[in-house]
Amino acid sequence: MMFVEKNSTEIIVIDREIKVVGLSLQKSGLPISFASLGKLWDIYGETYRGSVKNAETPVVEYAVCLNKTPDYIAGCGVTEIDKVEKDCLSFIIPLGKYIKDTFNAETFEQLTGEVRGKRNVKAWAKKNKVNINGQFTIEVYPREDFEKGNFQMYTLTPVKE
């Protein structure tokens, strides 16, 4: 099968809260740096992937970048937030308008490395006269698609209304 590059950027409305539970960078003991994010996902994969209580099916994994705290959560969507492990945090992605930036790559490494790094939501927002709410950003990883070799993901950036 030949790889076909796909990418799109659009405004969407999230009309139901998305609850996320996952490993917190602040609580992990890792240095608070970009270099720690891959390690955090490794720890999440070894410790929590497949065993998060109330995980939604199909499993969708989320990275929540909290810009004010600063913190980063590597986790998955849940139907309800129950008792959260001591090294974890929960976050509720609020209702509202978001910039959804979707892109793909041939491999997971390309997707999360070079392709994601080239995306520029801020420039898109400026060009389209959309104000960004800079409190957090979300990365969405559809786990089931990855397992089938379809490496497509998207980011959600809240819009200031």
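The values are calculated or read from the model by the stated rules, or taken from the named source; none is laboratory data. The structure presented is a predicted model; accordingly, all values stated were derived computationally and were not measured. Reconstructed Cβ throughout: ideal geometry from the backbone, glycine too, with neighbour counts over all protein chains shown. The area values use the complete protein model at the heavy-atom level, side chains included, leaving out ligands, DNA and RNA. Shrake-Rupley method; radii C 1.70, N 1.55, O 1.52, S 1.80 Å.
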(request) Using only C-alpha positions, report the orientation-averaged shadow area of the convex hull of region 1-55, nm², one decimal. (result) 7.2 nm²
(request) With all protein chains present, calculate the accessible area of LEU89 using a 1.4 Å probe and round the result to the nearest 10 Å². (result) 50 Å²
(message) Full-extension gain between ILE12 and LYS122, please, as 0.36 nm times their residue separation minus the C-alpha to C-alpha distance.
(response) 38.0 nm
(request) For the chain, just the Cα set please: Rg and Dmax, both in angstrom. (result) 15.5, 45
(request) Sum up the charges of everything whose Cβ sits under 12 Å from the Cβ of SER8, counting Lys and Arg as +1 and Asp and Glu as -1, but leave SER8 out. (result) 0
(request) Calculate, for the chain, the solvent-accessible area per residue in square angstrom, rolling a 1.4 angstrom probe over the heavy atoms of the protein chains. (result) 59 Å²
(message) With a 1.4 Å probe and all protein chains kept in place, how much accessible area does SER90 have, in Å² rounded to the nearest 10?
(response) 50 Å²
(request) Go ahead and estimate [θ] at 222 nm for the chain from helices alone: -39,500 (n - 2.57) per DSSP H run with n ≥ 4, summed, over the residue count, rounded to 500. (result) -4500 deg cm²/dmol
(message) Show me the GluC sites (Glu not before Pro) within region 15-119 that DSSP assigns to loop and that have at most 11 other Cβ atoms within 10 Å of their Cβ.
(response) GLU17, GLU80
(message) Given Cα positions, please report Rg to Rh for region 25-94, the hydrodynamic radius being the Kirkwood one.
(response) 0.93
(request) Of the options PHE146, GLY29, ILE11, report the single residue whose Cα projects farthest towards the positive end of the charge dipole of the chain (beta-carbon charges: Lys, Arg +1; Asp, Glu -1). (result) ILE11
(message) Less than 13 Å apart at the alpha-carbon level, and either on another chain or at least 8 residues along: which aspartates and glutamates does that give for LYS97?
(response) GLU10, ASP15, GLU17, GLU161
